[in-house]
């Protein structure tokens, strides 16, 4: 898979405030890249650099192997977190204007808008002003203006905020459809659920540094703690006898039908060893490895990073 | 299409299509003309007659018929009744309460102070207008003068009158012999242009600022600057709104011309008919009457200075200084808009930016009295005030072409520098939310590398 975006050693400061410290990452063509990080970590600064709103102090950004140039703007679609439209302008007129600013001709803009407005079933809004629309409706219009020029790279900053679950689903489906047609998406969000669902790779920025990056599965594997959840029938005491230096009981929940234990297996041992030890004494109901979710990884990574910086 | 043109087009059309713009454009000159002609019409049609009682207990300006006992003016040339003033006289003092009960509207009391210093109290129930006051004043002044000449100085009044000289100036610039200049009247016309520029810069400069704040608070700015450079967005807005201002000005000139010619022909027909009633047949003659009247106006000494003014130059200068001044101030207003989060935060920056403009306005008002002052010379070249002050200065015929050109060049250099400076503040400011901008902060923005 080729790379659509390669960021190499990018740094950016605003006065004394360091927004990005030597950030390097790669976004593969046709993938969904999750750009994560706490508020104020430097995500927006990085996105603004990719959009050429600001320039990096150091480092370089390559778009399809070339240094960023003004013409690349027409291949990038950006939905900022802080977004809005002209309140008093008519919806249709406004979409045409924004499309023209992205380099589309008026005729082409009208043609594509008609397609999208029909697809989203919002043709009736064409002559309404934005102030007549609800927040969710305006968000839909904004989403259309972001993708209308069919960008190869879409940068979506919190795209689901302001949507009800039904419309959020609709936007998510559109994202996946665009991806299947070859578009690359950078998704910046705090909604870890959608990261798990949509992203192929992630990058986590905290305090101006990129602290984690890579494919989602790989990142998760990196944060595994050799924790297993075993449901069993038997007493806690019987289980306790089996624990030793190779198995550590982290938690045991007692219930009427069966108990559930969280057990950490020390390096050099695996689930097979644990089950072999348990089976003669207890009846195993189920067993699975506990893999951390993105939310847990996010919190753990950021907390650790903050501890090391203090 | 070039992106900056797209922005100009949107800024221009979205404003020109607004109801408020259309209403202001059409109503402005009509309101203005209505106000002017209305005032004229009101004074022309003010038929109220003032009953004025002159009380003369020292018996200096009245005489009494010994047989009838009637009191009437001593100098019969004065205190003649007119359409608006009817005089009555009394030699006995009338207390204010009695005046209150009487049919008179105004009472003048000639007391010792009046005779010695010309100080005169008048009591009124209905305040007399300028015209009535002037008539009363003239009558009283002349009568008292005659009283002094004849009674105190014991001179022959006719001889005294021959000895009196009244001086009237005619100003002739040594470089422009052969005609009277009427510098002050011309300066006044320049001042009207100065007011227009002052008004337009403020009106449209503030619109630029509001537009920037709107885009910033709307958050649409982030979407737009991902398509165009912030500088293009700022310039598109400044130019687009400036064009709106020019459109409005040109429409006003055009409409004022139409409205005033209609108004003028109406008055011409009124005057020509000599009476209040306009016969149908006379309406046909209106055109001719108007031509006759215009001709009369142009030959009238009192008004021909008006036609001496180089109107083409004045309109040309107006356009130049409007555009130059507008660019200079609008770019600053754009920078203010970018630096704040809402209009309420603009105060601290508005004051220093509007101060020179207000100052220029005051200087130009002062220049009507003294157009050759050093302040007038300095501030008609100083770029922050020149757009306003030069409009007055240029009407004075001693103002050299060199000075006007110097003022223009300095203005152009300054507005280019200001646009560059404002652009640096703008590109950082529009993307800063929730941060209270201080002058120190803005100075940092200017130095930032984008």
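Below is a table of values for the structure above.
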| item | result |
| --- | --- |
| Residue match in segment B:396-415 (condition: touching a helix residue (DSSP H, G or I) at 6+ places or on another chain (Cβ under 7 Å) and within 14 Å of chain A (Cβ to nearest Cβ)) | no |
| Filter result for residue B:64 (away from chain A (no Cβ under 14 Å) and either in contact with a strand residue (DSSP E or B) (Cβ under 7 Å, 6 or more places away or on another chain) or buried (at least 18 other Cβ atoms within 10 Å of the Cβ) (or both)) | yes |
| Exclusive hit being under 30 Å from the mean Cα position of the chain (by Cα) and buried (at least 20 other Cβ atoms within 10 Å of the Cβ), set B:407, B:373 | B:407 |
| Flag for residue B:258 being under 27 Å from residue B:332 (Cα atoms) and either part of a helix (DSSP H, G or I) or away from chain A (no Cβ under 14 Å) (or both) | no |
| Residue that is within 30 Å of the chain's Cα centre (by Cα), within 9 Å of chain B (Cβ to nearest Cβ) and surrounded by fewer than 19 Cβ atoms within 10 Å (Cβ to Cβ), where the choices are A:82, A:58, A:93 | A:82 |
| Whichever residue in segment A:21-54 is within 14 Å of chain B (Cβ to nearest Cβ) and in contact with a helix residue (DSSP H, G or I) (Cβ under 7 Å, 6 or more places away or on another chain) and, among such residues, is nearest to residue B:448 (Cα to Cα) | A:54 |
| Scan of segment A:96-109 for residues that are crowded, with 17+ Cβ neighbours inside 10 Å and either more than 9 Å from chain B (Cβ to nearest Cβ) or at positive phi (or both), ordered by number | A:96, A:99, A:104, A:109 |
| Any chance residue A:15 is within 14 Å of chain B (Cβ to nearest Cβ), under 17 Å from the mean Cα position of the chain (by Cα) and without any contact (Cβ under 8 Å) to a residue 24 or more places away in the chain | no |
| Options B:72, B:58, B:104; residue that is at pLDDT 85 or above and within 38 Å of the chain's Cα centre (by Cα) | B:104 |
| Residue count, segment B:211-230 (criterion: within 7 Å of another protein chain (Cβ to nearest Cβ) and either touching a helix residue (DSSP H, G or I) at 6+ places or on another chain (Cβ under 9 Å) or at negative phi (or both)) | 9 |
| Matching residues, segment A:65-79, being at the interface with another protein chain (Cβ under 9 Å from one of its Cβ atoms) and free of Cβ contacts under 8 Å to residues at least 24 places away in the same chain | A:70 |
| Every residue from segment B:376-404 that is surrounded by 23 or more Cβ atoms within 10 Å (Cβ to Cβ), touching a residue at least 40 places away in the same chain (Cβ under 8 Å) and either more than 21 Å from the chain's Cα centre (by Cα) or in a loop (DSSP other than H, G, I, E, B) (or both) | B:394, B:395 |
| Residue match in segment A:111-126 (condition: within 12 Å of chain B (Cβ to nearest Cβ) and either under 25 Å from residue B:17 (Cα atoms) or at pLDDT 90 or above (or both)) | no |
| Filter result (more than 14 Å from every other protein chain (Cβ to nearest Cβ) and surrounded by fewer than 20 Cβ atoms within 10 Å (Cβ to Cβ)) within segment B:419-434 | B:420, B:421 |
| Residues satisfying the stated conditions in segment A:226-245, i.e. loosely packed, with under 13 Cβ neighbours inside 10 Å and in contact with a strand residue (DSSP E or B) (Cβ under 8 Å, 6 or more places away or on another chain) | A:233, A:240 |
| Strands (runs of 3 or more DSSP E) within segment A:130-222 that include 3 or more residues more than 24 Å from residue A:74 (Cα to Cα) and either at pLDDT 90 or above or not assigned by TED's automatic domain parsing to the domain that holds residue A:83 (or both) | A:201-206, A:209-215 |
| Tabulated pairs, segment A:108-132, first under 15 Å from residue A:150 (Cβ atoms), second surrounded by 17 or more Cβ atoms within 10 Å (Cβ to Cβ), C-beta under 6 angstrom, 6+ apart or interchain | A:109/A:96; A:109/A:99; A:112/A:148; A:113/A:95; A:116/A:144 |
| Test: residue in segment B:357-365 that is away from every other protein chain (no Cβ under 14 Å), over 23 Å from residue B:173 (Cα atoms) and surrounded by fewer than 16 Cβ atoms within 10 Å (Cβ to Cβ) | yes |
| Among (1) in a loop (DSSP other than H, G, I, E, B); (2) modelled with pLDDT under 90; (3) surrounded by 20 or more Cβ atoms within 10 Å (Cβ to Cβ) - the single one residue B:445 does not satisfy | (1) |
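Listed here are the residues, each with its yes/no results for (1) closer than 18 Å to residue A:286 by Cα; (2) in contact with a helix residue (DSSP H, G or I) (Cβ under 7 Å, 6 or more places away or on another chain).
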{"site": "A:225", "(1), (2)": "no, no"}
{"site": "A:231", "(1), (2)": "yes, no"}
{"site": "A:238", "(1), (2)": "yes, no"}
{"site": "A:254", "(1), (2)": "yes, yes"}
{"site": "A:257", "(1), (2)": "yes, no"}
{"site": "A:263", "(1), (2)": "yes, yes"}
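Okay, residues lined up against (1) in a helix (DSSP H, G or I); (2) surrounded by 15 or more Cβ atoms within 10 Å (Cβ to Cβ); (3) under 27 Å from the mean Cα position of the chain (by Cα):
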{"site": "B:144", "(1), (2), (3)": "yes, yes, no"}
{"site": "B:155", "(1), (2), (3)": "no, no, no"}
{"site": "B:174", "(1), (2), (3)": "no, no, no"}
{"site": "B:194", "(1), (2), (3)": "yes, yes, yes"}
{"site": "B:197", "(1), (2), (3)": "yes, yes, yes"}
{"site": "B:201", "(1), (2), (3)": "yes, yes, yes"}
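The values are calculated or read from the model by the stated rules, or taken from the named source; none is laboratory data. All of these numbers come straight from a predicted model, not from anything done at the bench. Don't worry about glycine lacking a Cβ; one is built from the backbone with ideal geometry, like all the others, and counts go over all protein chains shown.
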